[in-house]
Amino acid sequence: MKTVKKTILLTASVVFLVAIPLLDASMGAPIELRLAHWASSLSRVQDDVKLGADWIEKRFPGRVKITIYPAQTLLPAASLYEGTAKGIADIAYVVPGWTPGRFPKTEVIDLPPGIPLASDASRVYWDFYKKFLTDEWNEVKVLGFNVQQPQGIHTKKTSVRTFKDIKGEKIRVYGVGKEIITAFGGVPVAMPMSEVYEATRLGVIDGVFAPFSAMKDYRLIETCFHHTVLDTYASPFFLVMNLKKYNVLPPDIKKTLDEEFPEYFMKEAGKISDRWEEIGRELVKKTPGHEFIILSPEEKSVWIERAKTINGPWASALEARGLPGKRLVEEKLRAIEKYVK
């Protein structure tokens, strides 16, 4: 009898000791994640990532804590993807166009024309990404996705209404913006967005290809005074997670990130982008000394058609690499057809 009691006590003790780590894991410190981005803590980008971080923390109260590192405090802008893939950041907001050649197929999203509303573009291109582009992102876990509103041309001294106005103007660009500005007759200049304020203030460049939200985000309202609305191209933003970090998450958290979060983030981040774009446009309109230029439908069509001349060479360049460039362009234009007038 004593032997049986000892056996029972010993078994109970072993079960208790085994259970302690499980109790600690469920009742102890939350899973801590570092989320990096390049913009200021007062920017649209901050609103995007905070939207996502808040949703995850509220969905799993006490189990997940996300610390946001803005303004390149954890990783430089151009290193956000690689740094997350390597685990320097757990999550990052990535602009694929900032690492030329790294995402050749994904670049099709940037090609002209652009969808006027970010909320529409985000929905359309999230489906497009899932159909055609996922293989370029298999080193990380793509949590969510957003596409900005089309970028406008913002200049310091020149009113841009026709191609002759932009001819020879030095315009900051990235990604396919280089080919678009060249097609317009301007001179593309690549530089980090964080340097654009000083570059325009000092006259190193004449302007910038950017959404209107940048007038507030990067204080460009102080250095650019002429603003032309264009629907030529807009860039995607990917919220990505380190794959190893994702793989060790509890199953219920992974399931939620897979099934619920992408749709929520895509919709709500699109709304944020539209709201910030309207804030930027209103700021331009109400600030003395600024010119808000809307091209006539006929003139706008000319600009869009000129921009689209880059699509054929882009597709041919991908085909030469053994990638389906022509099909991607065709599928893109088909996907956005009802949104572009």
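Throughout, read-outs are computed from the coordinates displayed, never taken from laboratory work. Being a predicted model, the structure only gives us computed values, none of them experimental. When we count neighbours, we look across all protein chains shown, and the Cβ atoms used for this are built from the backbone with ideal geometry, even at glycine.
Tabulated values for the structure
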read-out	value
Listed residues Gly185, Gly62, Gly325, most fluctuating in the chain (Gaussian network, C-alpha, under 10 Å)	Gly62
Compactness relative to 2.2 N^0.38 Å, alpha carbon Rg of segment 269-309	1.52
Angle in degrees between helix 44-59 and the longest Cα principal axis of the chain, rounded to the nearest 10	20 degrees
Near-label residues of segment 155-194 by backbone N, under 19 Å of a point 7 Å along Cα→Cβ of Leu283	155-157, 172-173, 192-194
Rule-of-thumb Rg ratio for the chain [Cα; 2.2 N^0.38 Å; N residues]	1.18
Nonlocal amide H pairs with Val142, under 5 Å, H built at 1.01 Å	Met241
Qualifying GluC sites (Glu not before Pro) in segment 258-341, DSSP loop, other Cβ atoms within 10 Å at most 16	Glu260
Calculated [θ] (222 nm, deg cm²/dmol) that DSSP helices of n ≥ 4 give over the chain, each run adding -39,500 (n - 2.57)	-14000 deg cm²/dmol
Segment 126-209: trypsin sites (Lys or Arg not before Pro) in DSSP loop, at most 13 other beta carbons within 10 Å	Lys157, Lys167
Cα Rg, Dmax, segment 85-244, angstrom units	16.2, 52
For Val64, residues with placed amide H under 5 Å, excluding near neighbours	Ile31
Unit charges at the beta carbon, dipole of the chain: most positive-side option, His226, Trp303, Ala78	Ala78
Three-way shape call for segment 179-235 based on the alpha-carbon gyration tensor, with the a/c threshold at 1.5	oblate
Check: the chain dipole with +1 on Lys, Arg Cβ and -1 on Asp, Glu Cβ, in debye	660 debye
Relative contact order [Cα under 8 Å, 6+ residues apart], the chain, whole percent	22 percent
Rounded to whole Hz, the Karplus (6.51, -1.76, 1.60) HN-Hα couplings of segment 140-148, x for glycine and proline	9, 9, 7, 7, x, 7, 8, 10, 6
Selection from Val284, Val208, Ala36, by position along the positive dipole direction of the chain (Cβ)	Ala36
Karplus-derived 3J(HN,Hα), 6.51/-1.76/1.60, for each residue of segment 161-178, Hz, glycine and proline x	10, 9, 4, 5, 6, 8, 4, x, 6, 8, 10, 5, 9, 8, x, 6, x, 4
For Cys224, residues with placed amide H under 5 Å, excluding near neighbours	none
Dipole axis of the chain (+1 Lys, Arg; -1 Asp, Glu on Cβ), positive-most option in Gly325, Ile180, Trp137	Trp137
Rg/Rg_globular for segment 228-341, with Rg_globular taken as 2.2 N^0.38 Å and Rg from C-alpha atoms	1.49
